[in-house]
Amino acid sequence: MIIILIGAGFVLLTLLFAGGGLLWLNANEYKPGDWEPVQVFSSPPHGPARHQSLELYSWNIGYASLDAGADFFMDGGKGVRPSSEKNVEENIWAIQALISASAADIIFLQEVDVNSKRSYNINQAAYFSEAWKGSSAFALNYRCLFVPVPFPRFIGKVESGLLTLNSYGGSAERISLPSPFSWPERLAQLKRCLLVERIPVQEHPGSGTGNTELVLINLHLEAYDTGGTGRTAQTRALAEFLKTEYEKGNYCVAGGDFNQVFPDLKEAFPIRRQNNFAPTVVDDSLFGKDWILAADPSAPSCRSIGKPYNGREEHQLYIIDGFILSPNVKLISVQTLDLDFKNSDHNPVKLTFSLK
(Lines give C-alpha, C1' and ligand atoms only; values in the text may rest on other atoms or scores of the structure.)
Protein backbone atom coordinates (compact mmCIF):
# COMPACT_ATOMS: atom_id res chain seq x y z
CA MET A 1 0.00 0.00 0.00
CA ILE A 2 2.85 2.40 0.84
CA ILE A 3 4.47 1.70 -2.53
CA ILE A 4 1.14 2.33 -4.29
CA LEU A 5 0.65 5.63 -2.45
CA ILE A 6 4.19 6.78 -3.25
CA GLY A 7 3.67 5.87 -6.92
CA ALA A 8 0.32 7.66 -7.04
CA GLY A 9 1.86 10.72 -5.41
CA PHE A 10 4.68 10.76 -7.93
CA VAL A 11 2.21 10.54 -10.84
CA LEU A 12 0.10 13.33 -9.33
CA LEU A 13 3.13 15.59 -8.87
CA THR A 14 4.24 14.91 -12.45
CA LEU A 15 0.78 15.79 -13.80
CA LEU A 16 0.64 18.96 -11.70
CA PHE A 17 4.11 19.97 -12.88
CA ALA A 18 3.26 19.29 -16.53
CA GLY A 19 -0.08 21.08 -16.24
CA GLY A 20 1.53 24.06 -14.56
CA GLY A 21 4.18 24.17 -17.27
CA LEU A 22 1.55 24.18 -20.00
CA LEU A 23 -0.35 26.99 -18.31
CA TRP A 24 2.86 29.00 -17.97
CA LEU A 25 3.79 28.47 -21.64
CA ASN A 26 0.23 29.34 -22.67
CA ALA A 27 0.32 32.58 -20.66
CA ASN A 28 3.65 33.54 -22.23
CA GLU A 29 3.01 32.38 -25.80
CA TYR A 30 4.41 34.57 -28.56
CA LYS A 31 1.39 35.85 -30.50
CA PRO A 32 2.47 38.17 -33.31
CA GLY A 33 -0.14 40.04 -35.32
CA ASP A 34 -0.98 39.27 -38.94
CA TRP A 35 0.99 42.38 -39.90
CA GLU A 36 3.54 44.29 -37.85
CA PRO A 37 5.96 47.10 -38.72
CA VAL A 38 9.66 46.28 -38.42
CA GLN A 39 12.27 48.87 -37.50
CA VAL A 40 14.96 49.50 -40.11
CA PHE A 41 18.26 50.61 -38.61
CA SER A 42 20.69 53.03 -40.31
CA SER A 43 18.71 53.29 -43.52
CA PRO A 44 20.68 54.92 -46.41
CA PRO A 45 18.67 57.59 -48.29
CA HIS A 46 18.68 55.99 -51.74
CA GLY A 47 17.51 52.97 -53.70
CA PRO A 48 18.68 50.93 -56.71
CA ALA A 49 18.16 52.01 -60.29
CA ARG A 50 16.50 50.08 -63.09
CA HIS A 51 18.88 47.91 -65.14
CA GLN A 52 21.43 48.05 -62.32
CA SER A 53 22.97 44.65 -61.57
CA LEU A 54 22.34 43.61 -57.95
CA GLU A 55 23.76 40.77 -55.85
CA LEU A 56 21.72 39.08 -53.15
CA TYR A 57 22.98 36.30 -50.86
CA SER A 58 20.62 34.02 -48.95
CA TRP A 59 21.90 31.79 -46.16
CA ASN A 60 20.28 29.74 -43.45
CA ILE A 61 23.10 30.00 -40.91
CA GLY A 62 21.66 27.36 -38.52
CA TYR A 63 21.96 29.79 -35.56
CA ALA A 64 25.74 29.46 -36.01
CA SER A 65 25.52 26.08 -34.29
CA LEU A 66 24.82 23.46 -36.98
CA ASP A 67 28.29 23.26 -38.48
CA ALA A 68 30.04 20.24 -39.97
CA GLY A 69 30.58 18.72 -36.54
CA ALA A 70 26.94 18.97 -35.52
CA ASP A 71 24.01 16.59 -35.54
CA PHE A 72 20.45 17.36 -34.43
CA PHE A 73 17.95 15.30 -32.48
CA MET A 74 14.97 16.18 -34.69
CA ASP A 75 16.74 14.71 -37.72
CA GLY A 76 17.72 11.45 -36.04
CA GLY A 77 20.84 12.65 -34.21
CA LYS A 78 21.45 13.43 -30.56
CA GLY A 79 22.69 17.03 -30.58
CA VAL A 80 20.89 19.93 -28.91
CA ARG A 81 23.58 22.62 -28.89
CA PRO A 82 27.35 22.87 -29.50
CA SER A 83 29.70 21.76 -26.78
CA SER A 84 31.06 25.26 -26.19
CA GLU A 85 30.32 28.94 -26.72
CA LYS A 86 33.62 29.24 -28.61
CA ASN A 87 32.24 26.87 -31.27
CA VAL A 88 29.34 29.27 -31.90
CA GLU A 89 31.65 32.29 -31.96
CA GLU A 90 33.93 30.67 -34.54
CA ASN A 91 30.98 29.99 -36.82
CA ILE A 92 29.76 33.58 -36.45
CA TRP A 93 33.21 34.90 -37.38
CA ALA A 94 33.36 32.64 -40.46
CA ILE A 95 29.87 33.70 -41.59
CA GLN A 96 30.74 37.37 -41.15
CA ALA A 97 34.01 36.88 -43.04
CA LEU A 98 32.11 35.63 -46.08
CA ILE A 99 29.63 38.51 -45.89
CA SER A 100 32.48 41.04 -45.64
CA ALA A 101 34.37 39.50 -48.55
CA SER A 102 31.32 39.45 -50.82
CA ALA A 103 30.14 42.22 -53.11
CA ALA A 104 26.58 41.73 -51.90
CA ASP A 105 24.02 44.52 -52.08
CA ILE A 106 21.52 42.52 -50.02
CA ILE A 107 21.85 39.64 -47.54
CA PHE A 108 19.00 37.37 -46.40
CA LEU A 109 19.86 35.35 -43.28
CA GLN A 110 17.61 32.75 -41.65
CA GLU A 111 17.83 31.11 -38.21
CA VAL A 112 19.57 34.08 -36.62
CA ASP A 113 19.44 33.87 -32.81
CA VAL A 114 19.28 36.89 -30.52
CA ASN A 115 18.88 35.28 -27.08
CA SER A 116 18.75 31.48 -27.15
CA LYS A 117 20.17 28.86 -24.84
CA ARG A 118 21.00 26.68 -27.87
CA SER A 119 23.56 29.24 -29.08
CA TYR A 120 24.79 30.45 -25.68
CA ASN A 121 22.60 33.58 -25.71
CA ILE A 122 24.81 35.41 -28.23
CA ASN A 123 22.99 38.21 -30.04
CA GLN A 124 23.86 37.20 -33.59
CA ALA A 125 21.49 39.71 -35.21
CA ALA A 126 23.25 42.60 -33.45
CA TYR A 127 26.68 41.26 -34.41
CA PHE A 128 25.89 40.99 -38.15
CA SER A 129 23.98 44.30 -38.20
CA GLU A 130 26.79 46.24 -36.54
CA ALA A 131 29.33 44.85 -39.02
CA TRP A 132 27.15 45.79 -42.03
CA LYS A 133 27.59 49.25 -43.57
CA GLY A 134 24.00 49.62 -44.79
CA SER A 135 20.60 49.04 -43.17
CA SER A 136 19.34 46.07 -41.20
CA ALA A 137 15.89 44.71 -40.34
CA PHE A 138 15.08 41.79 -38.04
CA ALA A 139 11.81 39.90 -37.55
CA LEU A 140 11.16 37.20 -34.96
CA ASN A 141 9.77 33.88 -36.11
CA TYR A 142 10.53 31.90 -32.94
CA ARG A 143 10.13 33.03 -29.34
CA CYS A 144 9.55 30.55 -26.56
CA LEU A 145 10.62 30.88 -22.95
CA PHE A 146 11.18 27.15 -22.64
CA VAL A 147 11.10 24.48 -25.37
CA PRO A 148 10.52 21.26 -23.36
CA VAL A 149 12.31 18.79 -25.68
CA PRO A 150 14.33 16.62 -25.84
CA PHE A 151 14.19 15.10 -22.35
CA PRO A 152 16.29 15.66 -20.28
CA ARG A 153 18.57 18.00 -22.32
CA PHE A 154 15.89 20.56 -23.10
CA ILE A 155 16.37 23.20 -25.79
CA GLY A 156 15.13 25.76 -23.29
CA LYS A 157 14.70 29.43 -24.18
CA VAL A 158 14.70 30.37 -27.88
CA GLU A 159 14.53 33.82 -29.47
CA SER A 160 15.36 33.75 -33.17
CA GLY A 161 14.32 35.05 -36.57
CA LEU A 162 15.09 36.47 -40.00
CA LEU A 163 17.65 39.20 -40.69
CA THR A 164 17.88 41.29 -43.87
CA LEU A 165 20.97 43.39 -44.49
CA ASN A 166 20.55 45.94 -47.24
CA SER A 167 22.67 48.59 -48.95
CA TYR A 168 19.60 50.75 -49.63
CA GLY A 169 16.95 52.63 -47.71
CA GLY A 170 13.37 51.58 -47.22
CA SER A 171 10.71 50.32 -44.84
CA ALA A 172 10.09 46.83 -43.47
CA GLU A 173 7.21 44.75 -42.17
CA ARG A 174 6.51 41.32 -40.68
CA ILE A 175 3.71 39.31 -42.29
CA SER A 176 2.57 36.18 -40.44
CA LEU A 177 2.22 32.88 -42.28
CA PRO A 178 -0.36 30.18 -41.47
CA SER A 179 0.71 27.58 -38.90
CA PRO A 180 -0.10 23.86 -39.16
CA PHE A 181 0.18 23.34 -35.40
CA SER A 182 -2.64 23.37 -32.87
CA TRP A 183 -2.62 23.77 -29.08
CA PRO A 184 -0.63 22.69 -27.09
CA GLU A 185 2.10 21.83 -29.65
CA ARG A 186 1.78 25.34 -31.05
CA LEU A 187 3.11 26.85 -27.79
CA ALA A 188 6.71 25.76 -28.43
CA GLN A 189 6.68 25.91 -32.23
CA LEU A 190 7.93 28.56 -34.62
CA LYS A 191 5.57 31.33 -35.73
CA ARG A 192 6.67 31.57 -39.36
CA CYS A 193 6.59 34.85 -41.24
CA LEU A 194 7.75 36.85 -44.22
CA LEU A 195 10.24 39.65 -43.53
CA VAL A 196 9.32 42.16 -46.24
CA GLU A 197 11.47 45.16 -47.08
CA ARG A 198 10.30 47.86 -49.52
CA ILE A 199 12.90 49.93 -51.37
CA PRO A 200 11.98 52.86 -53.67
CA VAL A 201 13.41 52.41 -57.17
CA GLN A 202 15.29 55.16 -59.05
CA GLU A 203 14.41 55.72 -62.67
CA HIS A 204 18.10 56.25 -63.45
CA PRO A 205 21.30 56.22 -61.34
CA GLY A 206 21.47 59.45 -59.36
CA SER A 207 17.84 60.40 -60.08
CA GLY A 208 15.05 60.72 -57.56
CA THR A 209 12.93 57.74 -56.59
CA GLY A 210 9.47 57.15 -58.00
CA ASN A 211 6.45 55.24 -56.73
CA THR A 212 7.74 51.83 -57.83
CA GLU A 213 9.26 49.59 -55.17
CA LEU A 214 11.64 46.67 -55.06
CA VAL A 215 9.91 44.32 -52.63
CA LEU A 216 12.35 41.93 -50.94
CA ILE A 217 10.94 38.92 -49.08
CA ASN A 218 13.17 36.96 -46.70
CA LEU A 219 11.57 33.64 -45.71
CA HIS A 220 11.99 30.33 -43.90
CA LEU A 221 9.05 27.98 -44.43
CA GLU A 222 7.92 25.07 -42.25
CA ALA A 223 10.21 22.06 -41.83
CA TYR A 224 8.80 19.37 -39.53
CA ASP A 225 5.11 19.50 -40.47
CA THR A 226 3.54 16.13 -41.25
CA GLY A 227 3.12 15.66 -44.99
CA GLY A 228 4.25 19.20 -45.77
CA THR A 229 0.77 20.69 -45.25
CA GLY A 230 2.21 23.74 -43.51
CA ARG A 231 4.73 24.39 -46.27
CA THR A 232 1.96 24.16 -48.87
CA ALA A 233 -0.26 26.66 -47.05
CA GLN A 234 2.65 29.03 -46.47
CA THR A 235 3.72 28.83 -50.14
CA ARG A 236 0.16 29.67 -51.15
CA ALA A 237 0.17 32.71 -48.86
CA LEU A 238 3.56 33.75 -50.30
CA ALA A 239 2.25 33.45 -53.86
CA GLU A 240 -0.82 35.56 -53.09
CA PHE A 241 1.33 38.27 -51.53
CA LEU A 242 3.80 38.29 -54.44
CA LYS A 243 1.09 38.47 -57.09
CA THR A 244 -0.62 41.34 -55.28
CA GLU A 245 2.63 43.31 -55.15
CA TYR A 246 3.43 42.58 -58.80
CA GLU A 247 -0.02 43.78 -59.86
CA LYS A 248 0.80 47.10 -58.19
CA GLY A 249 3.76 47.43 -60.59
CA ASN A 250 6.42 46.52 -58.03
CA TYR A 251 9.48 44.31 -58.51
CA CYS A 252 9.46 41.21 -56.29
CA VAL A 253 12.31 38.99 -55.13
CA ALA A 254 11.55 36.31 -52.54
CA GLY A 255 14.33 34.11 -51.21
CA GLY A 256 15.42 31.86 -48.40
CA ASP A 257 14.91 28.36 -47.08
CA PHE A 258 11.76 26.92 -48.66
CA ASN A 259 12.22 23.44 -47.15
CA GLN A 260 10.95 22.38 -50.59
CA VAL A 261 12.59 21.70 -53.93
CA PHE A 262 11.65 23.49 -57.12
CA PRO A 263 9.96 21.17 -59.67
CA ASP A 264 12.75 21.32 -62.26
CA LEU A 265 15.34 20.26 -59.67
CA LYS A 266 13.63 17.22 -58.17
CA GLU A 267 16.21 14.83 -59.63
CA ALA A 268 19.34 16.92 -58.97
CA PHE A 269 19.84 15.26 -55.57
CA PRO A 270 17.21 12.50 -55.32
CA ILE A 271 15.89 11.48 -51.92
CA ARG A 272 17.74 8.22 -51.19
CA ARG A 273 16.17 7.63 -47.80
CA GLN A 274 13.60 9.25 -45.57
CA ASN A 275 14.87 11.03 -42.46
CA ASN A 276 12.74 12.78 -39.88
CA PHE A 277 12.81 15.70 -42.32
CA ALA A 278 11.89 15.25 -45.97
CA PRO A 279 11.34 18.13 -48.41
CA THR A 280 8.24 18.41 -50.57
CA VAL A 281 7.97 20.06 -54.02
CA VAL A 282 6.95 23.69 -54.61
CA ASP A 283 3.67 23.98 -56.50
CA ASP A 284 4.81 26.30 -59.29
CA SER A 285 1.24 26.59 -60.63
CA LEU A 286 0.59 29.01 -57.76
CA PHE A 287 2.75 31.64 -59.47
CA GLY A 288 2.29 31.52 -63.24
CA LYS A 289 4.40 30.78 -66.29
CA ASP A 290 6.30 34.07 -66.36
CA TRP A 291 7.54 33.85 -62.78
CA ILE A 292 11.07 32.52 -62.27
CA LEU A 293 11.96 29.87 -59.67
CA ALA A 294 15.74 30.12 -59.40
CA ALA A 295 18.11 27.67 -57.71
CA ASP A 296 21.46 26.14 -58.62
CA PRO A 297 21.34 22.42 -59.56
CA SER A 298 25.12 22.00 -59.49
CA ALA A 299 25.58 21.92 -55.70
CA PRO A 300 23.47 21.04 -52.65
CA SER A 301 22.22 23.88 -50.49
CA CYS A 302 21.48 21.72 -47.43
CA ARG A 303 22.54 18.43 -45.82
CA SER A 304 20.83 15.97 -43.50
CA ILE A 305 21.94 16.49 -39.89
CA GLY A 306 21.30 13.09 -38.35
CA LYS A 307 25.05 12.84 -37.79
CA PRO A 308 28.18 15.02 -38.13
CA TYR A 309 29.21 15.75 -41.70
CA ASN A 310 31.79 13.37 -43.13
CA GLY A 311 31.40 13.81 -46.87
CA ARG A 312 28.60 13.90 -49.42
CA GLU A 313 28.32 10.15 -49.81
CA GLU A 314 27.31 9.70 -46.18
CA HIS A 315 24.47 12.23 -46.17
CA GLN A 316 21.18 13.03 -47.82
CA LEU A 317 21.65 16.25 -49.78
CA TYR A 318 18.99 18.76 -50.80
CA ILE A 319 18.40 21.87 -52.88
CA ILE A 320 15.83 23.71 -50.76
CA ASP A 321 17.26 27.25 -50.82
CA GLY A 322 16.53 29.55 -53.72
CA PHE A 323 14.54 32.49 -55.07
CA ILE A 324 11.28 33.42 -56.76
CA LEU A 325 11.36 36.41 -59.12
CA SER A 326 8.44 38.35 -60.57
CA PRO A 327 8.26 38.61 -64.39
CA ASN A 328 9.67 42.16 -64.39
CA VAL A 329 12.90 41.00 -62.70
CA LYS A 330 15.72 39.71 -64.92
CA LEU A 331 17.63 36.66 -63.66
CA ILE A 332 21.33 37.06 -64.48
CA SER A 333 22.70 34.11 -62.49
CA VAL A 334 22.16 31.94 -59.43
CA GLN A 335 25.00 30.07 -57.72
CA THR A 336 25.29 27.94 -54.59
CA LEU A 337 28.60 28.58 -52.87
CA ASP A 338 29.77 25.09 -51.98
CA LEU A 339 31.39 25.57 -48.57
CA ASP A 340 31.02 21.87 -47.77
CA PHE A 341 28.78 22.77 -44.81
CA LYS A 342 31.72 23.89 -42.71
CA ASN A 343 29.86 26.49 -40.62
CA SER A 344 26.19 25.66 -41.21
CA ASP A 345 24.04 22.77 -42.42
CA HIS A 346 23.18 25.05 -45.37
CA ASN A 347 25.38 26.57 -48.07
CA PRO A 348 24.79 30.20 -49.09
CA VAL A 349 23.15 30.91 -52.44
CA LYS A 350 24.02 33.99 -54.51
CA LEU A 351 21.52 35.62 -56.87
CA THR A 352 22.48 38.25 -59.45
CA PHE A 353 19.54 40.11 -60.98
CA SER A 354 18.39 43.42 -62.42
CA LEU A 355 15.09 45.30 -62.74
CA LYS A 356 13.62 45.38 -66.22
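The values are calculated or read from the model by the stated rules, or taken from the named source; none is laboratory data. These numbers were taken from a predicted model, which means no experiment stands behind them. So basically every Cβ, Gly included, is an ideal-geometry build from the backbone, and we count neighbours across all protein chains shown. These accessible areas exclude ligands, DNA and RNA; they are computed on the full protein's heavy atoms, side chains included. Shrake-Rupley method; radii C 1.70, N 1.55, O 1.52, S 1.80 Å.
In the chain, the DSSP beta bridges split such that about 80 percent are antiparallel, to the nearest 5. Can you send over the carbon and sulfur percentage of the accessible area for region 208-321, probe radius 1.4 Å, protein chains only? Carbon and sulfur atoms account for 46 percent of the accessible area of region 208-321. Taking every protein chain into account, the accessible area of region 241-326 amounts to 42 square angstrom per residue (probe 1.4 Å). Taking label positions 7 Å along the Cα-Cβ direction at both residue 271 and residue 24, the computed distance is 3.8 nm, reported to one decimal.
Ligands, DNA and RNA excluded, the heavy atoms of residue 336 present near 10 Å² of accessible surface to a 1.4 Å solvent probe. What FRET efficiency comes out for residue 244 versus residue 1 if R0 is 56 angstrom and r is the Cβ-Cβ distance? Round to the nearest 0.05. So, using R0 = 56 Å, E works out to roughly 0.20.
Carbon and sulfur: what percent of region 61-149's accessible surface (1.4 Å probe)? Before the final figure, lay out each step's value.
Numbers: 1820 of 3440 Å².
The nonpolar share, carbon plus sulfur, comes to 53 percent.
Estimated at the nearest 10 Å², the accessible area of residue 144 is 10 Å² with a 1.4 Å probe. Taking a Cβ cut-off of under 12 Å around residue 211, the surrounding Lys, Arg, Asp and Glu residues balance to a net charge of 0, with basic ones at +1 and acidic ones at -1.
Can you give me the C-alpha center-to-center distance between region 69-147 and region 314-340, rounded to a whole angstrom? That distance is 20 Å. Per-residue surface analysis assigns residue 177 an accessible area of about 20 Å², computed on protein heavy atoms at 1.4 Å probe radius. Protein heavy-atom accessible surface, 1.4 Å probe, per residue over region 148-239: 36 Å².
What trypsin sites (Lys or Arg not before Pro) in region 111-170 are in a loop by DSSP, with at most 16 other Cβ atoms within 10 Å of the Cβ? Provide the component values of the computation, followed by the final result.
Values: sites: 117, 118, 133, 143, 153, 157; in loops: 133, 153.
In loop regions of region 111-170 (DSSP not H, G, I, E or B), the sparsely surrounded trypsin sites (Lys or Arg not before Pro) are 133, 153.
For residue 132, what is the net charge nearby, where nearby means another residue's Cβ is under 15 Å from its Cβ and Lys, Arg count +1, Asp, Glu -1?
Details: positive: 133; negative: 55, 105, 130, 197.
Local net charge: -3.
Quick one: net charge of residue 187's neighbours, Cβ under 13 Å, K/R +1, D/E -1?
Details: positive: 31, 143, 186, 191; negative: 29, 185.
Cβ neighbours under 13 Å give a net charge of +2.
For q values of 0.13, 0.14 Å⁻¹, compute log₁₀ I(q)/I(0) with the Debye formula on a Cα-only model of the chain, without solvent. For the chain at q = 0.13, 0.14 Å⁻¹, log10 I(q)/I(0) is -1.01, -1.17. Straight-line reach only, C-alpha to C-alpha below 15 angstrom: list the aspartates and glutamates that residue 86 could link to, leaving out same-chain residues fewer than 8 apart. Cα-Cα hits under 15 Å: 67.
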